[in-house]
Amino acid sequence: MGSRESQNSAVYWWRYCIRLENLSPQAVQLRERHWRIFSLSGTLETVRGRGVVGQEPVLARQSPAFQYSSHVSLQAPSGHMWGTFRMEREDGYTFDCRIPPFSLESKPDDGVPLAPTPAA
């Protein structure tokens, strides 16, 4: 999404999209998320919470897929993130759905650095 620089620090932003699809005949509901976000600056952040983007979607035969987008920021031009979604079946059984690591890479267009924004 870009970056912002102020004083001697920069913040880099990415938008990511996640699509979940239930291939089982049993309905499941997304209850919690657990993200690990690693920055090349050496930081590791953990984000936990109920649902995703304010929702706890049910994935069932009638609507087996759910897709959402969100964003993340780092204080380095690259990193990666991974995590799990806690899912719950109708019978109360819970399990974790693993989200494999994906890269967060800054690639300026045509070799031109991202423009700094004026300090407020």
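Just so it is clear, none of the values below were taken in a lab; they were calculated from the coordinates. Only a predicted model underlies this, so the values are computations on that prediction, with no experimental measurement involved. So basically every Cβ, Gly included, is an ideal-geometry build from the backbone, and we count neighbours across all protein chains shown.
Here are the numbers for the structure shown:
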item	result
Neighbours by Cβ (under 9 Å, 6+ apart or cross-chain): first from region 10-28, over 9 Å from Ala60 (Cα atoms); second basic (Lys, Arg)	Ala10/Arg4; Val11/Arg4; Tyr12/Arg4; Trp13/Arg4
Residues satisfying the stated conditions in region 68-89, i.e. farther than 17 Å from Glu56 by Cα, surrounded by fewer than 17 Cβ atoms within 10 Å (Cβ to Cβ) and of a type in the set (Gly, Ala, Ser)	Ser73, Ala76, Ser78
Selection from region 27-54 of residues that are assigned to a loop (DSSP other than H, G, I, E, B), surrounded by 12 or more Cβ atoms within 10 Å (Cβ to Cβ) and under 14 Å from the mean Cα position of the chain (by Cα)	Gly51
Flag for Arg98 being out of contact with any Asp or Glu (no Cβ under 7 Å at 6 or more places or on another chain) and either among the β-branched types (Val, Ile, Thr) or part of a strand (DSSP E or B) (or both)	yes
Close pairs from region 67-79: first assigned to a strand (DSSP E or B), partner small (Gly, Ala, Ser) and surrounded by 14 or more Cβ atoms within 10 Å (Cβ to Cβ), Cβ under 7 Å, at least 6 apart	Leu74/Ser39; Ser78/Ser106; Gly79/Ser39
